[in-house]
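What follows is one structure encoded as structure tokens, with my remarks underneath.
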Amino acid sequence: MSTVSEFTFSNFVKSVLWLLFWILIIVSLIALPIIFIVLFYVPPPVINGVEINPYLLLTMLTNPQVGAPLIRPTLESLFFRIAVFPGFTFAALFATVLIFAERKTLAKMQLRVGPYHAGREAFWWANSLGGFLQLIADLLKLLGKEIIVPSGADKPIFWAAPAVLVIAAAGLIALIPVAPGWVIADIDVSLLAVFALLGFFPLTVLLASYASNSKYPFIGGLRALYQLISYEIPLILAVLPIVILASTLSLTGIVEAQYSYWFILLVPIGAFVFFVTALAELERIPFDLPEAESEIVAGWLTEYSGMAYGLIQLANYIKMYALSALFTTLFLGGWIGPEFLPSIEVFNVQVLSSGEVSSIFWFTIKTFGVALFMIIVRGTNPRVKIDVLLRVGWSKLIALSFINVFIAVALLYLGVVGVGH
Amino acid sequence: MSQQGQGQASTDQLTVEKEIVDRVIARFGDKVKLAYVKPRRIRFNVSKDIILEFARYARDELGFDHPISVAGVDYPKNKLIDVVYHIGSCTNDKFRSSVLVFAVQLDRDDPVMPTLIPIYRGVEYHERETFEMLGVIFDGHPRLERLLLPEDWADIPPLRKDFHTKGREE
Amino acid sequence: MGSVSGMLRALASGSKHLAVKRFTLRYPEQKLKFVGDGYQFDPKEGVGIAGYRGRHILYHDKCTGCQLCSIACEGIAEAISMVKVDKQYKQNKKGIMPQIDYGKCVFCGLCVDACPFYALFMTDDYELAAYTKEHLIYTPDQLAVKPKYQGTYEIKIDELGAYHDE
Amino acid sequence: MGLEIDRERIPGFDVEGKDADGMDKGILTLSVGPQHPGSGHFRLIVKVDGDIIVEALPDPGYVHRGEEKMCEYRNYIQNIPHLERPMIADSCGILYPYVLAVEEICNIPVPERAKYIRVIMAELNRCIFELYWLGIYGIFLGHSTMFMWPMADRELLIDLAEMASGARVTHAYFVPGGVRNDVPDAFPEKAKRHLLYFRNRLKEYKDIFYDNPLFQARTVGVGILRREDAINLGATGPVLRASGVEHDIRKVEPYDVYDELDFKVITMNEGDSFARAYVPWLEMYESVEIALQALERMPSGPVRTKLGPNPKGAVGEVFKRVEAARGELAYYLVSDGNPKPYRVKLSVPSFREIPVMAHLLKGAKLADMPSIYWSMNYWPVEADR
């Protein structure tokens, strides 16, 4: 057996060429016919009274002056909202930035450097990113790893759990308004819908841990169940005064009720309880007991590997974005802030108004600030114990949230604030 | 065992050791053999019949209550295995800096002695180690199993002198 | 209330460190500075001279092939073996000199202590990584080369914390 | 919280484990280690009933390498490098009693300056170990910052140790008859600068770690070791002192120049995990104090007695102990007059903490396992030797 690896450059080039060949074959023989058949049967979309056929699309791409008036209607289409902004792409991008910010901030707190070297040798532009490419490398690593399924596992549930987690987390972001009118599902009871979606997580975690058919995941799953259920009650109670003060269950309505003052000034205890329970909901330090690695390896995540693990982490960070955004919406006035940014115009056609740009800016900044505070809390605290966690959740936080409700009611009764605005 | 004076010891230190020796001799007489008295170290050779009694006396009356070490030494020439207990003192301020050493000399072919766990709970793992390293059997030990060596160790106990490390047979 | 103040102090301490200088030594770009040229030994006094214990350096014109370093290493790492060298030296009639296997060496420096002829010292060079085990075996000729190690960074302490700087 | 579980479906539930009433106890056996993020090269077989540990059986031996047998094949000097391998984070501490024992059995005098240098190095190594230990204690409790800070500050002291000895962790610096080499001229000044800065850094640990209410919730009142148990189980070092026993070999049986230096023995009476974690922190202040005093008083002169090539020991036996970072570390050395020792027995503190650990884990909660386990100062490699 030779010590020299089989991996040579010529082999590498050969494999790349082989791959390109197959892609060409598949595209030309299968994909293109399918596209044309679909185009034949499906009518082209009509935006702003103009029928978008493929030729027009190409013209728009090459000549923006033709396409400029159509940008705004595209932005307002449901597909764009779900897929790009404020939907999944925005949330995933935000989550990615959060991961990077977390790694860099923790590193700075711990007198380290953090991700730094990735891509620096290969790309001249990687220097300015300061290690951001590490995330891409991590993603590639996770994609390339084998997903090992334990032999005794309940396979359908084991496979479904990561997907369900991502879907539930993505469902959360559909309800969050990032600017006036910029929300995917502007329903009247979106706050209730948020809690309904949060209810998915403990169940899915328990199913995932049970399906793993292993000891440590099982303990982790039970811990997650205890933790998430016991912290959902103070989470809901902490939001109750907001509903009382704003007299609406719609998140958009709650933000609009805060034009005169943010709710964090009226109910700071509620904000505190919400923040703590949000940390517990996210299973982040100091409440990462379901994944406490020094006790139960990685908790309910123990048997997950490869991209299944990556999906769970993605769901976690999307959930982190969603809960930070929820905190912003409920307590920090959502998008409210001074209008100071110019509008975005493409060839003299206004795409986003000044108000919208500023709103998106303020929303992003506030949400990022809340997430950053979560990161700092992670850097300064150890993990708590399950009994302490349950005691705090059931006695102290619930008591605090009741005090909070009384404060809100008293404010209302004394006429300090009126119902609605 | 030759007596090794190091010279640095002050005379009042040796009086403490003398006192320990006197008390032990007064209690046990000929049944224990004084091996040496050095500054802060007193060694007795005790037969295995009275070892429990001796240890209990050392713990309760003299205040030597802090087990430090249990060592086994193999002497194939004399056909003996010494099991040497080193016991310190935490409660008796007078004897605090001294270490009481008592050794049980066992027959090399049949090394059996009672365990000292009832008196010093801390010797449990030391005795297990002595068992596996020298083959000394401690009567009454609750878990006399392999400790550091693999469970399927099939050779003679490795710290006996007739066991040689691979490549170092002399 | 004690717990609240404790929590706040922890948060403040953590946030404060966002402004403290980073301690990390960015190794391949920055290298540590060491005292002297490496560990040496003065057999007349029987005492060593402080220095970093990295790769050895062998002075061919002093080595007598006495094997004392090899004997010293026998019970420690068995890294030194005596090999024949091509050239003949006046003081080294047998023409044998130590060859060191850095796959085994533990860098204790007791071979330097054993050399009575000022022939074997240690240097600052610690970057010995190689692709194969064979490359870790340094022949007497390789050992005679003086390494070009240049480390300039050391720990600096100022009011913003400790950090590595030139 | 009465969640019904079909126990036969769950792997690991010991269905046979029945209590006196014939009811299923539902004991879950967990094998913690040797490949577990919270164990090190060490295995604990933990049986839990719900969240309570019913029994914990320590199973060391995964990194055993027969140091005691190895000693019998090498002469007194050759034993130095391999004897410090079991405890590379405190390599001076584990070598110290061996060197003292060889000096006594071979009758080698030690120069005064060497004694001071040894004390400085031993105290530096004590801090190095305790920082390492503290870092791992932090990460065991999920406090990642407390892992990184001690690791960074440890670098300051490693830098000093490297400046003096030439190696960063495995110093092989102490030899019978003194130390290998004198410290460089710039050493005292640099050591003072680093030590004073290090002492300031220690205060930050209190803010972020010891005073943190979440850390206290993890450790206060957890794994209480009573004084009499601590003595009878043979606990040592910070574990013993945290249970209220004022027992420090540096005071009880001063070696080298510890009797000339002024320092306190730190004790606490609580005996819980918090006390066991707090005592090392206080001891680091004392260590810095000792090192600074020794730097002040260090005389000039030779540092090593010139030895013959292969020193022979007198016939006899010697038992030497020192206070290493983890506690009382003793060597029992028997010589038959050859250049090689006849028998070397290491009584290491980590090995002595095993019964204490088993004693404390019984009845504790599973979540308390890391905080009890690591508060024992247990170092698997040292225990296995």
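The values are calculated or read from the model by the stated rules, or taken from the named source; none is laboratory data. As the structure is a prediction and not an experimental result, all values here were calculated from the model. Backbone-built Cβ (ideal geometry, glycine too); neighbour counts: all protein chains shown. Surface accessibility is based on the protein's heavy atoms, side chains included, excluding ligands, DNA and RNA. Shrake-Rupley method; radii C 1.70, N 1.55, O 1.52, S 1.80 Å.
Other residues lying with their Cβ under 9 Å from the Cβ of A:S212 contribute a combined charge of -2, Lys and Arg counting +1, Asp and Glu -1.
When the accessible areas of D alone and B alone are added and the area of the pair subtracted, with a 1.4 Å probe, the result is around 4400 Å², both sides summed. The ellipsoid that matches the Cα gyration tensor of the stretch D:316-367 has semi-axes, each √(5λ) in whole angstrom, of 34, 11, 7, with the longest given first. Annotation: lysines with alpha-carbon distance below 17 angstrom to D:K190 (same-chain offsets under eight excluded): C:K33, C:K156. Divided by 2.2 N^0.38 Å, where N counts the residues, the Cα radius of gyration of the stretch B:11-112 comes to 1.06. Among A:S214, A:S359, A:S260, the largest mean-square fluctuation in a Gaussian network model of chain A (Cα springs under 10 Å) belongs to A:S260. Taking the inverse of the mean 1/r over every pair of distinct Cα atoms in the stretch D:74-208 gives a Kirkwood hydrodynamic radius of 15.7 Å. Cα convex hull, chain B: 137 Å³ per residue, rounded to a whole number.
Left without a cysteine partner by the 4.7 Å Cβ rule in chain C: C:C63, C:C66, C:C73, C:C105, C:C108, C:C115. For the pair B:Y75 and C:K87, label points projected 7 Å from Cα toward Cβ lie 5.8 nm apart. Pairs of lysine residues in the stretch B:11-112 that meet both criteria, 8 or more places apart or on different chains and Cα atoms under 29 Å apart, total 20. According to the calculation over all Cα-Cα pairs in the stretch D:86-163, the P(r) per 5 Å bin from zero is 3, 15, 20, 19, 15, 11, 7, 5, 3, 1, 0 %.
Its residue count N sets the reference 2.2 N^0.38 Å, and the alpha-carbon radius of gyration of the stretch A:14-70 equals 1.58 times that reference.
If you average 1/r across every pair of different Cα atoms in the stretch A:69-143 and take the reciprocal, what Kirkwood value do you get, in Å?
Taking every pair of different Cα atoms in the stretch A:69-143, averaging 1/r and inverting gives 14.4 Å.
Of the trypsin sites (Lys or Arg not before Pro) in the stretch B:50-131, the ones in a loop by DSSP (not H, G, I, E or B) with at most 12 other beta carbons within 10 Å are B:K77, B:K79, B:K94. When only alpha carbons are used to place a centre, the stretch C:25-92 and the stretch D:155-187 end up 18 Å from one another.
The mean number of Cβ atoms from other chains found within 10 Å of a Cβ in peptide B:111-121 is 1, as a whole number.
Of the candidates C:E45, C:E127, C:E74, which one comes out as most mobile in a Gaussian network treatment of chain C with C-alpha springs shorter than 10 Å? Between C:E45, C:E127, C:E74, it is C:E45 that shows the largest mean-square fluctuation.
How big is the stretch D:40-121 by the Kirkwood estimate over distinct Cα pairs, in Å?
15.9 Å is the Kirkwood radius here.
The long axis of helix C:2-16 is offset from the longest Cα principal axis of chain C by roughly 60 degrees.
Could you work out the percent of alpha carbon pairs in chain D separated by over 26 Å, rounded to a whole number? Before the final figure, lay out each step's value.
On the way: 39983 of 73920 pairs.
Looking at chain D, the distances longer than 26 Å represent 54 percent of pairs.
The Rg/Rh ratio of the stretch C:38-147, with both radii computed over alpha carbons and Rh defined as the Kirkwood radius, is 0.93.
Using the structure shown, list the pairs from A:K104/C:K104; A:K141/A:K319; A:K14/A:K145; A:K155/A:K385; C:K146/D:K312 with a Cα-Cα distance above 28 Å, or answer none. Those over the limit are A:K104/C:K104; A:K155/A:K385; C:K146/D:K312. Would you mind telling me which residue in C:I57, C:I80, C:I155 has the biggest mean-square fluctuation in a Gaussian network model of chain C, where springs connect alpha carbons within a distance under 10 angstrom? Most flexible of the set in this elastic network: C:I155.
According to the square roots a ≥ b ≥ c of the eigenvalues of the Cα gyration tensor, what is the shape class of chain A, taking rounded for a/c under 1.5, prolate for a/b larger than b/c otherwise, and oblate for the remainder? It would help to have the intermediate numbers written out before the result.
Values: a/c = 1.82, a/b = 1.15, b/c = 1.58.
Since a/c reaches 1.5 but b/c is at least a/b, the shape of chain A is classed as oblate.
Helix D:273-297 and the long axis of chain D differ in direction by around 10°, with both axes built from C-alpha atoms.
Counting only lysines at least 8 places from D:K306 when in the same chain, those with an alpha carbon closer than 16 Å to its own are C:K44, D:K115. Scaled against 2.2 N^0.38 Å for its residue count N, the alpha carbon radius of gyration of the protein assembly as shown is 1.10.
Counting only other chains, what is the mean number of Cβ atoms within 10 angstrom of the Cβ of each residue in peptide D:227-239? Present the calculation step by step, with values, prior to reporting the outcome.
Numbers: counts 2, 3, 2, 3, 11, 10, 7, 16, 3, 6, 0, 0, 0.
Whole-number average of other-chain Cβ neighbours for D:227-239 is 5.
Distance between the pseudo-spin-label points of A:I37 and A:W394 (7 Å out from Cα toward the beta carbon): 6.0 nm. Note on the stretch A:118-265: Cα convex hull, mean projected area over all directions, 13.3 nm². Cross-link pairs exceeding 22 Å in C-alpha to C-alpha distance, out of C:K93/D:K340; B:K166/D:K320; A:K108/D:K206; C:K16/D:K203, comprise C:K93/D:K340; B:K166/D:K320. Sorting B:81-88, D:83-90 by their mean Cβ neighbour count within 10 Å, with the most densely packed peptide first, gives B:81-88, D:83-90. With semi-axes defined as the square roots of five times the eigenvalues of the C-alpha gyration tensor, the equivalent ellipsoid of the stretch A:277-421 measures 35, 27, 11 Å, largest first. Bridgeable lysines around C:K94 (alpha carbons under 16 Å apart, same-chain partners fewer than 8 residues away excluded): C:K62, C:K84. The share of alpha-carbon pairs in the stretch D:193-233 lying farther apart than 15 Å comes to 62%.
How would you classify the stretch D:296-385 from its alpha-carbon gyration tensor, with a ≥ b ≥ c the square roots of the eigenvalues: rounded for a/c under 1.5, else prolate if a/b is greater than b/c, otherwise oblate?
Values: a/c = 3.95, a/b = 1.90, b/c = 2.08.
Note, shape of the stretch D:296-385 comes out oblate.
When chain B is described by a simple charge dipole with +1 on each Lys and Arg Cβ and -1 on each Asp and Glu Cβ, the residue from B:I119, B:L14, B:Y57 located farthest towards its positive end is B:L14.
Counting only alpha carbon atoms, the long axis of helix B:11-28 and the longest principal axis of chain B meet at about 70°.
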